[in-house]
Amino acid sequence: MIVATKPTQPYQQSTWVKATWEDYEALRDDKSSDRCKLFFKNNQLWVEMGTEGINHSKFGDLFVMILGFLAMRSPELKLSTFSGCQMEKKGTRAVAPDLVVYVGENIPTWESGQSRFINLEQWRSPDLVGEISDTTLAIDLDEKKRLYAELGISEYWVIDIRAARIFAFQLDESVIYQQCEISKVLPNLAIALLEQAMAMLDTKTNTEAAIWFSQQ
């Protein structure tokens with residue numbers, strides 16, 4: 001049994017640990033474990049705990065603003081974002097991507113008495129998820145990548161903020177992610193353009209970089 005305790009300093013577990021779904025739920029629902037991201041698969045649990053750092057927050061907000069500009073440019077897409085929301089398939093899978101994007105109709109909504117998390121048995125999987133990678137690049141490109149593929153998520157971005165680059169993947173017919181240079185979920189969006197906006201954060205604010213993106 002994993003006992004959830006509030007750490008005295010930011011902490012990140014460095015490996016998957018054996019756990020039951022009940023262990024996952026206990027940690028998820030423990031109010032002392034604030035700002036905790038949980039991932040669960042095959043009776044294994046990965047925990048990311050602690051508050052976000054400056055770069056993680058700065059780059060994460062940049063992408064939220066970029067998505068907002070894309071929604072203004074193409075309102076017919078009907079973009080909905082649920083950044084950082086826990087998503088679950090009861091008993092088998094749980095994830096908490098930094099970016100969660102739905103395109104079109106049939107998006108998760110909350111009603112009184114329901115779980116505050118996205119139930120992937122009730123709602124469809126998102127069209128796009130992304131991880132803001134600062135200290136988690138290895139797992140983001142490995143275990144999390146496989147986990148998101150298993151959930152049938154069409155597109156996955158790993159945003160490497162240290163190198164100002166994006167590893168973008170699209171799900172093929174074999175349920176395997178293949179790297180791509182152009183987004184299909186966000187039509188005709190070049191990944192290289194996003195990387196240019198990221199590179200601007202060396203000298204510009206994230207709002208300036210987002211405005212630049214909106215003018216391209």
Ignoring GluC sites (Glu not before Pro) buried by more than 10 other Cβ within 10 Å or outside DSSP loops, the longest site-free run in the chain is 1-104
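For the range 143-188, just say rounded, prolate or oblate: build the C-alpha gyration tensor, square-root its eigenvalues into a ≥ b ≥ c, call rounded for a/c under 1.5, and beyond that prolate if a/b exceeds b/c, oblate if not. All intermediate terms of the calculation are to be shown ahead of the outcome.
Working: a/c = 2.34, a/b = 1.29, b/c = 1.82.
Verdict is oblate for the range 143-188.
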Through the Karplus equation 6.51 cos²θ - 1.76 cosθ + 1.60, θ set to phi - 60°, convert the phi angles of the range 186-201 into ³J(HN,Hα) values in whole Hz; use x for Gly and Pro.
10, x, 6, 7, 7, 4, 4, 5, 5, 5, 4, 5, 4, 4, 5, 5
Give the lysines reachable from Lys204 as a straight Cα distance under 21 Å; neighbours fewer than 8 places away on the same chain don't count.
Lys58
Give the shape of the range 128-216 as rounded, prolate or oblate, defined through the alpha-carbon gyration tensor: a ≥ b ≥ c are the square roots of its eigenvalues, a/c under 1.5 means rounded, and otherwise the shape is prolate if a/b is larger than b/c and oblate if not.
oblate
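Which value, in debye to the nearest 20, describes the size of the charge dipole of the chain about its Cα centre when Lys and Arg Cβ atoms bear +1, Asp and Glu Cβ atoms bear -1, and nothing else is charged?
On the way: 22 positive and 30 negative charges, 37 e Å.
With only Lys, Arg, Asp and Glu charged at Cβ, the dipole is about 180 debye.
Fewest first, what order do Phe167, Phe39 take by the number of other Cβ atoms within 10 Å?
Phe167, Phe39
Kindly give the semi-axes, whole Å and largest first, of the ellipsoid equivalent to the chain, taking each as the square root of 5 times a Cα gyration tensor eigenvalue. Provide the component values of the computation, followed by the final result.
Numbers: eigenvalues 157, 82, 56 Å².
Calculated on Cα positions only, the semi-axes equal 28, 20, 17 Å.
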Nearest 10 degrees, 0 to 90: helix 54-73 Cα axis against the chain principal axis:
60 degrees
For Arg165, enumerate residues with amide H under 5 Å from its amide H, sequence gap 5+ or separate chain, H modeled in the peptide plane.
Asp160
Cα-Cα pairs above 16 Å in the range 50-154: how many percent?
61 percent
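Counting other Cβ atoms within 10 Å of each Cβ, which trypsin sites (Lys or Arg not before Pro) in the range 61-121 have at most 15 and sit in a DSSP loop? List each step's numbers first, then the result.
Details: sites: Arg73, Lys78, Lys89, Lys90, Arg93, Arg116; in loops: Lys78, Lys90, Arg116.
Sparse-neighbourhood loop trypsin sites (Lys or Arg not before Pro): Lys78, Lys90, Arg116.
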Classify the range 46-112 as rounded, prolate or oblate from the Cα gyration tensor: take a ≥ b ≥ c as the square roots of its eigenvalues, call it rounded if a/c is under 1.5, otherwise prolate when a/b beats b/c and oblate if not.
oblate
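Scan the range 56-135 for chymotrypsin sites (Phe, Trp or Tyr not before Pro) in coil per DSSP, keeping those whose Cβ has at most 10 other Cβ atoms within 10 Å, and list them by number.
Values: sites: Phe59, Phe63, Phe69, Phe82, Tyr102, Trp110, Phe117, Trp123; in loops: Phe82, Trp110, Phe117, Trp123.
Here the sparse-neighbourhood loop sites are Trp110.
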Cross-link pairs beyond the 20 Å C-alpha cut-off, checked among Lys78/Lys145; Lys145/Lys184; Lys78/Lys144; Lys89/Lys144; Lys41/Lys78:
Lys78/Lys145; Lys78/Lys144; Lys41/Lys78
Per residue of the range 74-81, in order, report the coupling 6.51 cos²θ - 1.76 cosθ + 1.60 (Karplus, θ = phi - 60°) as ³J(HN,Hα) in whole Hz, putting x for Gly and Pro.
10, x, 5, 6, 6, 6, 10, 10
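Run through the range 142-195 and list the trypsin sites (Lys or Arg not before Pro) located in a DSSP loop whose Cβ has at most 11 other Cβ atoms within 10 Å.
Numbers: sites: Lys144, Lys145, Arg146, Arg162, Arg165, Lys184; in loops: Arg162, Lys184.
Answer by residue number: Arg162.
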Each residue of the range 102-115 in turn: what ³J(HN,Hα) in whole Hz from Karplus with 6.51, -1.76, 1.60 and θ = phi - 60°, glycine and Pro shown as x?
10, 10, x, 8, 6, 9, x, 9, 10, 10, 3, x, 8, 4
Ignoring everything except DSSP H segments at least 4 long, calculate the 222 nm mean residue ellipticity for the chain; use -39,500 (n - 2.57) per segment, divide by total residues, nearest 500.
-8000 deg cm²/dmol
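Readers should treat all values here as calculations from the given coordinates under stated rules, not as data from a laboratory. These numbers were taken from a predicted model, which means no experiment stands behind them. For neighbour counting, all protein chains shown are included, and Cβ atoms are generated from backbone atoms with ideal geometry for every residue, glycine included.
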